[in-house]
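Down below is the structure, laid out as structure tokens.
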Amino acid sequence: KLISVYKGNCAAKSKPALKGINDSGKDQNRFQEESYEKWPTNWGQQFLVLLRRDIKERKHESFSFACLSGPCGCSNFRTTLVQDQIGLLFFISGFWGFFPLFQAIFTFPQELRMLQKERSSGMYRLSSYFMSRVVADLPMELVLPTIFLVIIYWMTGLKANVVNFMCTLLSLLLSVLVSQGLGLALGASVMDQKAATTLASVIMLCFLLAGRFYVQHFPKFIAWIKYISISYYTYQLFIGSQYSYGETYPCSTGQCRIVEFPSIKQIGVHFGLDDQLMAALGLMIMIIVYRVIAYVALMRIGVTKK
């Protein structure tokens, strides 16, 4: 049908132009140079078109209410015991370390064939594609943990204070962005969903172990892993958002300092403002580094012709 329409409407008009180009090798070379020398659109136009496409794709994905089942299960759980509150914070940091990680792993492998085709034909820059994907994912990635924390925070006996809540929320969102960045980096580097998922599980479990939450005597040659552990920094920020250095809690001898609480002392949580800022800075550096790794890994996919 397309061929017949072309012959009826376009063939007669396009023949003179095509004949003139084919008759002159110089014109043909100039035509090829102009076609590949410049991008057909600027970066902003490419970004907006790709962002619009990504949003249209993502809007059909419903919110995963499975990740909100935790607040429902904790609706009757309210305690002022430090051990229970610390356990809850550990659960939150662990859950929101794994969930965005596995969500992000599938981003680039699912679009591999499309990216190869569109990049090799010079439709857009890799940077505009990458930024549109990152920005389009932000609403979904940030809204869910916010809803989760709004529900669970006020039900479980955590400090009912706006400042403490906002510090906890910002710490959670930082953790989510880092986990998403790690997922993007793994997905772009491996480009195999099964292998990337397995690798992500191993990495996150290493992060949990190296954080010394349960294993205290860790081999020295791999003890440095805690300094690149998402869970370690997130837990530091969570504890710092709920407790202060001079705070006390009820114990067998009356009142004990919170810094001497076994679960906090054995992990080595620091309550100083400088230490909290360093933990937040560590997460922000990882947000950038993981996304740079993902971008570099994508550079080998569908290289645009010169």
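The values are calculated or read from the model by the stated rules, or taken from the named source; none is laboratory data. As the structure is a prediction and not an experimental result, all values here were calculated from the model. Glycine gets a Cβ as well: all are built from the backbone with ideal geometry, and neighbour counts include every protein chain shown. Just the protein is used for accessible areas: all its heavy atoms, side chains included, with ligands, DNA and RNA removed. Shrake-Rupley method; radii C 1.70, N 1.55, O 1.52, S 1.80 Å.
General observations
- Shape call, the range 174-306: gyration tensor on alpha carbons, a/c limit 1.5: prolate
- Here the dipole of the range 144-280 is about 220 debye; that uses its Cα centre as origin and unit charges on the Cβ of Lys and Arg (positive) and Asp and Glu (negative).
- Of the peptides 100-111, 139-150, the order by per-residue mean of other Cβ atoms within 10 Å, starting with the highest, comes out as 100-111, 139-150.
- Overall form of the range 224-285 per C-alpha gyration tensor (a/c, 1.5; a/b vs b/c): prolate
- When the listed pairs LYS13/LYS56; LYS159/LYS265; LYS59/LYS226; LYS226/LYS265 are checked against a 26 Å cut-off, the alpha-carbon distance exceeds it for LYS13/LYS56; LYS59/LYS226.
- The mean accessible area for residues of the range 163-276, using a 1.4 Å probe and ignoring ligands and nucleic acids, is 47 Å² per residue.
- Stretch gain in nm, segment LEU277-GLN83, where the contour uses 0.36 nm per residue and the Cα spacing is subtracted: 67.4 nm
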